[in-house]
Amino acid sequence: MADAKTAAERAEVAEQEGVALQRRRRDAQRAARRALSRPRMRDSLGERVEELARLAGTVADLDEPVDIYGGGIVAELEERVAGLLGTEAAAFFPSGTMAQQVALRAWAGRTGNPVVALHPLAHPEVHERDALHTVSGLRTVHPTRAPRLPTAAEVAALEEPFGTLMLELPLRDAGFVLPSWEELVDVVAAARERDAVVHFDGARLWETETHFGKDLREIAALADSVYVSFYKSLEGLGGAVLAGPQQLVDEARAWRHRYGGQIFQQFPTALSALIGLERELPRLPEYVARAREVSAALRRGLERSGVSWYRLHPEVPHTHQFQLWLPYAARELDEAGIAQARERSESLFGAWHDQQVPRLALTEVTVTGAALEWPDEEIEEAVADFVGRLEKGDRAGEGQREEG
Ligand SMILES: Cc1ncc(COP(=O)(O)O)c(C=O)c1O
């Protein structure tokens, strides 16, 4: 018992330190004059409320009644997304976790097969506490373990029959990677050859147009159903949509109710989604183009910095997000970033995450509007300065302690 208590106490201290670090990082990043992105999740409550109140009237008639269990502004959002994706219908969900469970169990019923083929790094496999199995009675199989989308040959070679192939586009945990358009067309055809339907996890589908060289309707037309998110690249408050054929969407509405997703009023989330579609969606191609330049500037700066090893992945970003790996502990990298933001008013990276081996960490770099105002040479210079701070930290000995 005494040991257990000590472990619990240690866990509590670690959690408090984590929260304190998060807060210091957020405050430093918010105050920085230069940044690669300024995610709204760093806003204060007041800022978010003020922005919603200021912009709501630009996307909706505010004299209309509020939504009650769907309808109104929620129905407008559903129609808007169905139009953008070119699907017959769409249903709003409080979360992607719920939307995809509903889609996959509806397809399991229709195909008569509860097996879902997906990547082991796909969101439901890594981040949803085994929801597909424990809540929705589905079973998963993996066409590949390679850190990229499965190929047509891998899908064709799956030993067991499967009802649905689910493709996460882009595959976030593999570095926001996408297949080529031809590979995507082929893998979808391979699934159909196996009598399976195809569902896209399109949480970040919005930013794939540049890489595929196709518009959203052409991309979505490949799949039988698509889920999209409003709070990632679109910076909304939350929420998701499941888009597809009318019959599937009607069934999804019934399951949504059973899963507890029939929410009384959702107008703040729906308004924030419409604002995202209006303001962020048209800018994403510009962010993707800028991400390619930023990645190249980071590479030049890292080369110049003399760091012993680094990896920018993928080599050329497929979207406006990509990974940077460095051979240091996440804690050291976070502290270097906080110091740089405070001293030079420059913020390159968000949180760092330790990886499988000691002193190896990665960060997910996001490039949005703020990066358009930060010249390449200064970014190059900033990353060299960032690495210089780590080298100094090394000489001074292991990491600093959390204050407060
Ligand atoms: C690729 C992907 N799929 C699904 C989800 C689940 O979305 P939600 O958080 O709305 O449940 C996420 C959320 O991060 C995601 O990144």
- Does residue 35 satisfy the criteria of being within 16 Å of residue 276 (Cα to Cα) and modelled with pLDDT of 95 or more? no
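When you look at residue 207, is it out of contact with any Asp or Glu (no Cβ under 8 Å at 6 or more places or on another chain), within 15 Å of the ligand (Cβ to nearest atom) and among the acidic types (Asp, Glu), yes or no?
When the stated conditions are applied, residue 207 passes them.
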- Note on the structure: Just one listed residue, out of 307, 288, 316, 294, is away from the ligand (no atom under 14 Å from the Cβ), touching a His at 6+ places or on another chain (Cβ under 7 Å) and closer than 30 Å to residue 384 by Cβ, and it is 288
- Have a look at 254, 243 and point out the one that is more than 14 Å from the ligand (Cβ to nearest atom), among the aliphatic types (A, V, I, L, M) and in contact with a Ser or Thr (Cβ under 6 Å, 6 or more places away or on another chain). 243
- Note on the structure: Restricting attention to region 2-32, the residues that are part of a helix (DSSP H, G or I) and modelled with pLDDT of 90 or more number exactly 13
- Task: Exactly one condition in (1) of a type in the set (A, V, I, L, M); (2) more than 14 Å from the ligand (Cβ to nearest atom); (3) out of contact with any strand residue (DSSP E or B) (no Cβ under 6 Å at 6 or more places or on another chain) is not met by residue 234; state its number.
- Result: (2)
- Query: What residue, of 184, 165, 158, is more than 12 Å from the ligand (Cβ to nearest atom) and assigned to a strand (DSSP E or B)?
  - Reply: 165
- Item | Enumeration of residues in region 43-83 that are within 26 Å of the chain's Cα centre (by Cα) and more than 19 Å from residue 237 (Cβ to Cβ) | 79, 82, 83
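Could you identify the single residue in 106, 117, 122 that is away from the ligand (no atom under 14 Å from the Cβ) and either within 19 Å of the chain's Cα centre (by Cα) or within 18 Å of residue 148 (Cα to Cα) (or both)?
After ruling out the rest, the residue left standing is 117.
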- Task: Of the conditions (1) within 15 Å of the ligand (Cβ to nearest atom); (2) touching a residue at least 12 places away in the same chain (Cβ under 8 Å); (3) in contact with a helix residue (DSSP H, G or I) (Cβ under 9 Å, 6 or more places away or on another chain); (4) of a type outside the set (A, V, I, L, M, F, W, C), residue 175 clears all except one; give me its number.
- Result: (3)
- Message: Considering only region 133-149, I want to know if a residue exists there that is assigned to a loop (DSSP other than H, G, I, E, B) and within 11 Å of the ligand (Cβ to nearest atom).
- Response: no
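Please state which one of 62, 104 is within 30 Å of residue 152 (Cα to Cα) and of a type outside the set (D, E, K, R).
104
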- Number of positions in region 248-265 that are surrounded by 14 or more Cβ atoms within 10 Å (Cβ to Cβ) and over 10 Å from residue 93 (Cα atoms): 6
- Check region 87-103 and report whether any residue there is free of Cβ contacts under 8 Å to residues at least 60 places away in the same chain and within 16 Å of the ligand (Cβ to nearest atom). yes
- Query: If you take the residues of region 229-247 that are surrounded by fewer than 24 Cβ atoms within 10 Å (Cβ to Cβ) and over 18 Å from the mean Cα position of the chain (by Cα), which of them is nearest to residue 320 (Cα to Cα)?
  - Reply: 245
- Task: Please go through region 197-231 and pick out each residue that is aliphatic (A, V, I, L, M) and within 22 Å of residue 250 (Cβ to Cβ).
- Result: 197, 198, 220, 221, 223, 226, 228
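The values are calculated or read from the model by the stated rules, or taken from the named source; none is laboratory data. Only a predicted model underlies this, so the values are computations on that prediction, with no experimental measurement involved. Cβ: placed from backbone, ideal geometry, glycine included. Neighbour counts: every protein chain shown.
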